[in-house]
């Protein structure tokens, strides 16, 4: 805690409130405060007219996860239900300060972390705040499995998806439920080329949202792309989207589709579960209960 805010708290009479900034993964940053007027510092306006409140913050000196909750009323001017449904606040970065509202330069950062589970009910929301030590709960180390453990295009895969033939940017023609996209003339890519790939919305109300492709079918009637889950915001005809080639994590696909075997992160020679049921067999495959070796000659 800075010396200025510590001295203010030690003075007996205080003018203290809390302020928190939320930076979504799409780069949008919003500020909130439980004071009755707006505050401005660090280039962020912390708005008072949002109905936001925060519970007591639990912090420890060890590796236990710091946690708290923030709640408020859903409104078009602050946190909207549409943005929550669309997942725009999932994993958003959060910072919380204790601030002297009479002089915002007197403040102390008391929490830094991310948003966890967000629950909506009766026109309001409740969001869990997770401390930085939450990341230590993730499994660490190598995963030994037959399919590739890397994500296509990440630092371990190292495949460049900007290469010609592995991504396409097109305009939406028809869309159903934010999940099923149909194109009358979208050729140049094989049937199922984008299956297990990404679909990203580049423009329109749903810009920034990403879905995973479940099915990609090319026929005489055109191309049909289906997502595993509908996007949480409105996608309209004319919106620009980007489709990226999909990978089913098999060694054959890595070699033939991407020519990237040197970076394959799986173990294709690990035996499958069928070896558990395997039994010894004689030469020639006979399984008659006889000796597995040759009978020695008798004198």
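The values are calculated or read from the model by the stated rules, or taken from the named source; none is laboratory data. Predicted model only: the values in this text are computed from it and were never measured. Glycine gets a Cβ as well: all are built from the backbone with ideal geometry, and neighbour counts include every protein chain shown.
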query = Restricting attention to the stretch 253-263, which residues are without any contact (Cβ under 8 Å) to a residue 24 or more places away in the chain, assigned to a helix (DSSP H, G or I) and under 17 Å from residue 166 (Cβ atoms)?
reply = 253, 255, 256, 261
note = The correct count of residues that are within 26 Å of residue 249 (Cβ to Cβ), touching a strand residue (DSSP E or B) at 6+ places or on another chain (Cβ under 7 Å) and part of a loop (DSSP other than H, G, I, E, B) in the stretch 167-188 is 2
request  = Give the residues of the stretch 68-84 that are outside any loop (DSSP other than H, G, I, E, B) and either in contact with a strand residue (DSSP E or B) (Cβ under 8 Å, 6 or more places away or on another chain) or modelled with pLDDT under 75 (or both), sorted by residue number.
outcome  = 68, 69, 70, 71, 72, 73, 81, 84
ask   = If you scan the stretch 90-145, which residues turn out to be surrounded by 18 or more Cβ atoms within 10 Å (Cβ to Cβ), in a strand (DSSP E or B), touching a residue at least 60 places away in the same chain (Cβ under 8 Å) and under 16 Å from the mean Cα position of the chain (by Cα)?
value = 115, 130
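Residue-wise test of (1) modelled with pLDDT under 95; (2) touching a helix residue (DSSP H, G or I) at 6+ places or on another chain (Cβ under 6 Å); (3) assigned by TED's automatic domain parsing to the domain that holds residue 88; (4) under 29 Å from residue 143 (Cα atoms).
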{"site": "205", "(1), (2), (3), (4)": "yes, no, no, no"}
{"site": "215", "(1), (2), (3), (4)": "no, no, no, yes"}
{"site": "230", "(1), (2), (3), (4)": "yes, no, no, no"}
{"site": "235", "(1), (2), (3), (4)": "yes, no, no, no"}
{"site": "267", "(1), (2), (3), (4)": "yes, no, no, yes"}
{"site": "274", "(1), (2), (3), (4)": "yes, no, no, yes"}
{"site": "279", "(1), (2), (3), (4)": "yes, no, no, yes"}
query = Of the numbered conditions (1) outside any loop (DSSP other than H, G, I, E, B); (2) more than 26 Å from residue 88 (Cβ to Cβ); (3) in contact (Cβ under 8 Å) with a residue 24 or more places away in the chain, residue 242 satisfies every one except a single condition; which is it?
reply = (2)
ask   = In this structure, is residue 65 part of a loop (DSSP other than H, G, I, E, B) and at pLDDT below 60?
value = yes
inquiry  = Among the residues of the stretch 155-162, are any surrounded by 11 or more Cβ atoms within 10 Å (Cβ to Cβ) and part of a strand (DSSP E or B)?
reply    = no
